[in-house]
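What follows is one structure encoded as structure tokens, with my remarks underneath.
The values are calculated or read from the model by the stated rules, or taken from the named source; none is laboratory data. Quantities reported herein were computed from a predicted structural model and do not represent experimental measurements. Here Cβ is always computed from backbone atoms with ideal geometry, including for glycine, and neighbour counts include all displayed protein chains. Accessible surface areas use protein heavy atoms only, side chains included; no ligands, DNA or RNA. Shrake-Rupley method; radii C 1.70, N 1.55, O 1.52, S 1.80 Å.
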Amino acid sequence: MTGEARIIDGKATAAALRAEIGREVAAIKAARGLVPGLHVVLVGEDPASKVYVASKEKLAVEVGMNSAAHRLPAETTEVQLLAKLAELNADDSVDGILVQLPLPKHIDTGRIIDAIDPAKDVDGLHPINAGLLAGGKNGLVPCTPLGCMLLLKQALPSLSGLDAVVIGRSELVGRPVAQLLLQADCTVTIAHSRTRDLPGVVRRADIVVAAVGRPRMVKGDWIKPGATVIDVGINRLPDGKLTGDVDFAEAVKVAGAITPVPGGVGPMTIACLLKNTLTAFHARRG
Ligand code: NDP
């Protein structure tokens, strides 16, 4: 293939998804007088987490949802945080609960995630939701992987039978993306830091999902001509600019379609959080 890849516009896709969610929220309110509610819990003062929580709150309000951020001090104990989650689990007006990660070191993240009602776990990280996904039966699916799939389904007429390589095997991104690709009938390879001949593995792929956290690691000559490339990586360079895990300048000359960083997967994550809140609302309240 010659020429430049088509750019998959995550920003526009996310805006369209939020608009659709906004219309649905308005319809629910008009018909039933109910408003889906998203509650985000933040412990401590991590600057990046504060920014993420503020934008989740803002975008939830923009689509007409009830949104609340529970900002707890850094010295909050595990017991206090568990009590807050018990309160939110018991509150029928709360449809989605998200605990912003990372938590301070004195709190056991696994224990906290286990304590979220799986029906309200809009981050899709509870073992029940992860187990459902592994069994091919979707509960609530992690937001970034869901965003990757929406972009792929938009970029490709069919995913069935395609070779997909996911680089990264984290609980948050790599593993759930791989499960979703398998559900979409791709032939899936999960690569990681111990994979031998990563360039050779990636060269087989019709679909590449890079979720590593290493700036520009995936080179243009690793990409099969015409492949669809989804770059999940968000890496800050010394000059302050953001870059993905894929060498975009090289890959754009070889791929058929590619997501940019920023403006690709990133904006889809919060839009999918809102989508999950609506899914949780429907599952719980009919
Ligand atoms: P993790 O650090 O949890 O996982 C990284 C994965 O990459 C691991 O499985 C690791 O392998 C693998 N890896 C590391 N080095 C190599 C290598 N040299 N070759 C092959 N594989 C390697 O990261 P996350 O999954 O949480 O995030 C990945 C990236 O996605 C980050 O840049 C993060 O900022 C970004 N991100 C973006 C989001 C968005 O909204 N766009 C949301 C979440 C994350 P091993 O398991 O063997 O150690």
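Which of the following residues is part of a loop (DSSP other than H, G, I, E, B) and surrounded by fewer than 20 Cβ atoms within 10 Å (Cβ to Cβ): Leu125, Leu101?
Just one listed residue meets the conditions, Leu101.
With respect to the numbered conditions (1) more than 12 Å from Val165 (Cα to Cα); (2) within 9 Å of the ligand (Cβ to nearest atom); (3) buried (at least 16 other Cβ atoms within 10 Å of the Cβ), which one is the sole condition not fulfilled by Val246?
Every condition holds for Val246 apart from (2).
Inside the range 28-63, can you point out the residues that are under 21 Å from the mean Cα position of the chain (by Cα) and in a loop (DSSP other than H, G, I, E, B)?
Across the range 28-63, the qualifying residues are Pro36, Asp46, Val63.
Being open to solvent by less than 70 Å² (accessible area, probe 1.4 Å), without any contact (Cβ under 8 Å) to a residue 60 or more places away in the chain and within 25 Å of Lys153 (Cβ to Cβ) is the filter here; which residues of the range 225-241 pass it?
Of everything in the range 225-241, those that are open to solvent by less than 70 Å² (accessible area, probe 1.4 Å), without any contact (Cβ under 8 Å) to a residue 60 or more places away in the chain and within 25 Å of Lys153 (Cβ to Cβ) turn out to be Ala227, Asp231, Gly233.
Quick check on my filter: what residues within the range 1-31 are hydroxyl-bearing (Ser, Thr, Tyr) and surrounded by fewer than 13 Cβ atoms within 10 Å (Cβ to Cβ)?
Across the range 1-31, the qualifying residue is only Thr2.
Tell me, which residue of the range 134-169 that is more than 13 Å from the ligand (Cβ to nearest atom) and part of a strand (DSSP E or B) is surrounded by the most Cβ atoms within 10 Å (Cβ to Cβ)?
Looking at residues that are more than 13 Å from the ligand (Cβ to nearest atom) and part of a strand (DSSP E or B), I get Ala164.
Going through the range 203-218 one residue at a time, which ones are open to solvent by 50 Å² or more (accessible area, probe 1.4 Å), away from the ligand (no atom under 12 Å from the Cβ) and touching a helix residue (DSSP H, G or I) at 6+ places or on another chain (Cβ under 9 Å)?
Arg203
When Ile190 is evaluated against the numbered criteria (1) farther than 23 Å from Ala249 by Cβ; (2) open to solvent by less than 30 Å² (accessible area, probe 1.4 Å); (3) near the ligand (Cβ under 10 Å from one of its atoms), which criterion, by number, is the only one it fails?
Ile190 satisfies every listed condition except (2).
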